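Okay, structure first, notes after.
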Amino acid sequence: MLTAQICALLGFACYAVTLTTLQDEWGLSNFESGLIASAFFFGYILVVPLATVLTDRVDARKIYLLGGLSGTVGLLGMGLFAEGFLTAFFFMALNGAGLAGTYMPGLKILSDRVQHGEVTRHIAFYTAFFGIGAGLSYLISGWILAGLGWEAVYEWIALGPFAAFLIVLFLIPALDKPEWHGAMNIRIRDIFPIQQWKQVLQNKEASGYIFGYTAHSLELFASRSWLVAFFAFCTAYTGEVFFLAATTLAGIINFFGVPASILGNEMALKFGRQNWVCFVMLTSAILGIALASATGQGWWVIALLATGHSIFIMADSATLTAGLVTSAQPNIKGAAMGLHSLMGFGGGLLGPAIFGFVLDLSGSRESQSAWIWAYFATVIWGVLFVLYERRSGWSKRKSIPPKM
């Protein structure tokens, strides 16, 4: 499952790597380019509520297989048939739907098959491998782009989710449980449990972690979508070539997120979750603005600031999720996790589009001030979250017990 997880995620950064190439070839605005990046998350949030509900009604292995095929078709469609904004939006959404069918159902495959005492260890490794798969996506996509062109990136990377499909099909045995027999009665309120979500939001501590995770995800996925394009701008602005290709550097920087998230959670246990989240979000915002303002400096300054920004974006990721899990009421914890994931990827949907829109509004990809404003437009949400939660006493508020 760890190998399948990496393979399924190889398409994660394909568009970030090819963004500037496609923008120039298709004559896209920065906003349109950002919307295509957001389409991946649109496909994810459109499918993930149904996918997670179905894993309680059938073997999650079946959902995973469909997700692997969806990701494969989405990537192949990008390489073979995409010819502009609309077709690219559609195929990237299909790719995102593939991730929705593999990531969370993959966790369910583990929890259904691993003995009780070992579940948490397996899940910890599985979630950490998200960063490894995403980092490899940057590296491999960049290598293919340099040698074969943008179409080949999607055509070859499509082998990743297809390999995940084959691994689960042939190496993960099917499972049968009594509760999976009989008719599947899935109601709309099972997919969107609005009443339970209202109860979750009444718990002010839990809702704080959810909204914090939304701001975190908006900044994270905006940065991941536009980082390669930013490196390309820095090179063009100064004429100084980075010591590594932009895609390779972005992939390496992405790997730092794995230990940053794990170690960040340990720091939160020492200093308090709310205090750590607030410190990390403010530091991340400062580093994001510093990075955008560093164009014209040496490549090593930009690389260091980009690495620091990536580390601090991820330093509160596990903390926010752990805080939600521990603060949510036990009887609605599943609904709380579903809302947490939905809001997080909703932030991921908005982030790249906001970034591109502000680039257009404040200049263009060739303007240093436009990049500063674009970064500001994505890091400000974390700052506003901190100011609001600190002012309203996040750590001091009493939670309203959910209505039974």
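The values are calculated or read from the model by the stated rules, or taken from the named source; none is laboratory data. Just so you know, these numbers come straight off a predicted model, no measurement behind them. Note: ideal-geometry Cβ built from the backbone for every residue, glycine included; neighbour counts use all protein chains shown.
Computed values, structure above
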item: Residues being aromatic (F, W, Y) and touching a Gly at 6+ places or on another chain (Cβ under 6 Å) - total across region 238-267; result: 1
item: Failed item in (1) modelled with pLDDT of 90 or more; (2) surrounded by fewer than 22 Cβ atoms within 10 Å (Cβ to Cβ), with S217 passing the rest; result: (2)
item: Selection from region 1-53 of residues that are of a type in the set (D, E, K, R) and either in contact with a Phe, Trp or Tyr (Cβ under 6 Å, 6 or more places away or on another chain) or not assigned by TED's automatic domain parsing to the domain that holds V114 (or both); result: E32
item: Residues within region 91-119 that are hydrophobic (A, V, I, L, M, F, W, C), surrounded by 18 or more Cβ atoms within 10 Å (Cβ to Cβ) and farther than 18 Å from V53 by Cα, tallied; result: 4
item: Number of the exception - F312 against (1) modelled with pLDDT of 90 or more; (2) more than 20 Å from V280 (Cβ to Cβ); result: (2)
item: When residues of region 171-186 are limited to those that are in a loop (DSSP other than H, G, I, E, B) and under 18 Å from P105 (Cα atoms), the one modelled with the lowest pLDDT; result: M184
item: Helices (runs of 4 or more DSSP H) wholly inside region 1-103 that include at least 3 residues being under 27 Å from L361 (Cβ atoms) and out of contact with any helix residue (DSSP H, G or I) (no Cβ under 6 Å at 6 or more places or on another chain); result: 14-26
item: Members of region 239-252 that are assigned to a helix (DSSP H, G or I) and touching a residue at least 60 places away in the same chain (Cβ under 8 Å); result: A246, T247, T248, A250, G251, I252
item: From F91, F130, F85, F81, residue being at pLDDT below 90 and not small (G, A, S); result: F130
item: Residues (over 24 Å from the mean Cα position of the chain (by Cα) and surrounded by fewer than 22 Cβ atoms within 10 Å (Cβ to Cβ)) located in region 226-268; result: T235, A236, Y237, T238, G239, E240, V241, F242, F243, L244
